[in-house]
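Below is one structure; the comments refer to it alone.
Bear in mind that the values in this text are calculations on the coordinates, not laboratory data. None of the values given here were measured: they were computed from a predicted structure. Cβ placement follows ideal geometry from the backbone for every residue including glycine, while neighbour counts extend to all protein chains displayed.
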Amino acid sequence: MESNKILEQQSIEVVLQHHEKADGSGYPYGLTINEISPMAQIVHIVDCYDAMTTERVYKMAMSPFEALKTMTIEMKQSFNKKLLEKFIVFLGY
C-alpha cells in the first residue's frame, strides 16, 4: 500500500511539473532545477523530444538529430544537462 502512495505522489509531481524548466521560466509554478522532481525533469525532456519529432497538422516533424540539436543548443536552459546527455546516449547518438 505504501508503494502506491509513493507512485501516486510521483505521478502527481510529473503531471504538475513536466512543463517546468531548469532556469525557472516554465509553468505553472516557475520552479528551478532544484525544485523540480527528477521524474518530471525526465518527462520534460522526453515530452519535448516527442513533440518536436512528431508530425502535427500545423508543422512537419523534425528529424531526431535536428530535435536534439535544438534541445542542446537553443533550449539548453530548459533541461537538466546531465539528464539530457543521458537521454542522448540512450537514443544512441
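Residues that are at negative phi, out of contact with any Phe, Trp or Tyr (no Cβ under 9 Å at 6 or more places or on another chain) and of a type in the set (D, E, K, R): does region 26-43 have at least one? Within region 26-43, not a single residue is at negative phi, out of contact with any Phe, Trp or Tyr (no Cβ under 9 Å at 6 or more places or on another chain) and of a type in the set (D, E, K, R). Condition check: farther than 21 Å from M71 by Cα and assigned to a helix (DSSP H, G or I). Does I6 satisfy that? Yes; evaluated as a whole, the condition is true for this residue. Looking across region 77-93, just one residue is in contact with a Cys (Cβ under 9 Å, 6 or more places away or on another chain) and over 12 Å from V46 (Cα atoms), and that is S78.
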